[in-house]
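Below: one structure, written as structure tokens.
The values are calculated or read from the model by the stated rules, or taken from the named source; none is laboratory data. Not measured: the values here are computed from a predicted model. Methodologically, a virtual Cβ is constructed for each residue, glycine included, from the backbone with ideal geometry; neighbour enumeration extends over all protein chains shown.
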Amino acid sequence: MVLHQGEEFSGIVVSKRDYKERDLLVKILTNRYGYKTFYIRGAKKRGFRLGAIILPFSHGRYLGSINDDGLSYLSTGKEIDQYQNIFNDIMLNAYASYVLGLGEAAIKDDCILASQWYRKIERALQLIDQGVNPLIIVSIMEIQMLELFGVAPEWRFCAVCGNQRSSFDYSESYGGILCKNHWHLDPNRLHLDEKTMYFLRYLSDIDLDVLKSVNLSEKTSIKIKRALDVIYDDQVGLYVPAKKFLNEMTSFDFAFEKGLDKTE
């Protein structure tokens, strides 16, 4: 076990849970060390001095001691802010929790991956907090994080012939997209419509730092989500607790919309 004392880092508070009678364990995504759990002694005492900087979805600069293995320790924080809309809205909370959970499964405490992906996760939460379609933000993160789970689909051109201008569909067997001329090679392709495929390809390469808004219908957003659900279920096999809640809510919303369509 190696202890790095007096380390300063950027962080996003992921969660906290009770530990012993008066203490807390606080999980923070850090830009230098990945996801670390901090032991906060006396955190449940009234007037605890660090209380405001360890609220869920707080973010800023922190100072502490980092253990390579085991619990780390937090000393103080500065320039701390909170994603207020995420904190106060149960749905936004679930989307943000899923992004952070996805990041944790992919990054863990890998310092290199943390330095590469911290800004992207931070930007995703910022956009969700600002009211950008959270379902699309989650989809962008899912598409672009696939490579971290050993799945790196080729979205730019047909996996068989390299065609970049055609109607496409996604093939799990070929690890990417197939143009219309080669659909017959995989009868089990996802059979996605042209619009869904277009946006899957578009979102796979989008830069969150330049994204300001996404204008997609709820129906298309859900189709994109369902396609990614299949890819993650079949090729990644990942379970993030917040996903179940999101699946239930989006299924309810989609069913409700279909009901409205029938009455119009």
Exercise. Just one of Leu29, Leu55 is touching a Leu at 6+ places or on another chain (Cβ under 8 Å) and closer than 22 Å to Val240 by Cα; which is it?
Worked result: Leu29
Problem set entry | Extreme residue, nearest to the chain's Cα centre (by Cα), among residues of region 152-206 that are assigned to a loop (DSSP other than H, G, I, E, B) and of a type in the set (Ser, Thr, Tyr) | Ser204
Exercise. Does Tyr198 satisfy being within 30 Å of Asp129 (Cβ to Cβ) and not assigned by TED's automatic domain parsing to the domain that holds Gly131?
Worked result: yes
Exercise. Could you say which residue among Ile90, Ile112, Ile107 is over 16 Å from Ile53 (Cα atoms) and crowded, with 21+ Cβ neighbours inside 10 Å?
Worked result: Ile107
Exercise. Is it true that some residue in region 135-151 is of a type outside the set (S, T, N, Q), touching a strand residue (DSSP E or B) at 6+ places or on another chain (Cβ under 9 Å), part of a helix (DSSP H, G or I) and not assigned by TED's automatic domain parsing to the domain that holds Lys27?
Worked result: no
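Return the residues of region 51-93 that are outside any strand (DSSP E or B) and touching a Ser or Thr at 6+ places or on another chain (Cβ under 7 Å); say none if nothing qualifies. Walk me through how you get there before you give the answer.
Keep residues of region 51-93 that are outside any strand (DSSP E or B), which gives 51-57, 68-71, 83-93.
Pro56, Leu71, listed by residue number.
Every residue, every condition in (1) under 25 Å from Glu122 (Cα atoms); (2) of a type in the set (Ser, Thr, Tyr); (3) surrounded by 20 or more Cβ atoms within 10 Å (Cβ to Cβ); (4) modelled with pLDDT under 90, yes or no:
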site	(1), (2), (3), (4)
His4	yes, no, no, yes
Val14	yes, no, yes, no
Arg22	no, no, no, no
Gly34	yes, no, yes, no
Ile40	yes, no, yes, no
Gly51	yes, no, no, no
For this session: Please indicate, with yes or no, whether at least one residue in region 5-12 is in contact with a His (Cβ under 8 Å, 6 or more places away or on another chain), among the β-branched types (Val, Ile, Thr) and under 21 Å from Phe87 (Cβ atoms).
Result: yes
Exercise. Is at least one residue of region 25-46 under 23 Å from Val132 (Cβ atoms), in a strand (DSSP E or B) and among the polar types (S, T, N, Q)?
Worked result: no
For this session: Please go through region 221-264 and pick out each residue that is modelled with pLDDT of 90 or more and among the small types (Gly, Ala, Ser).
Result: Ser221, Ala227, Gly237, Ala242
Exercise. Of the residues that sit in region 153-203 and are surrounded by 16 or more Cβ atoms within 10 Å (Cβ to Cβ) and in contact with a Gly (Cβ under 6 Å, 6 or more places away or on another chain), which one is nearest to Lys225 (Cα to Cα)?
Worked result: Pro153
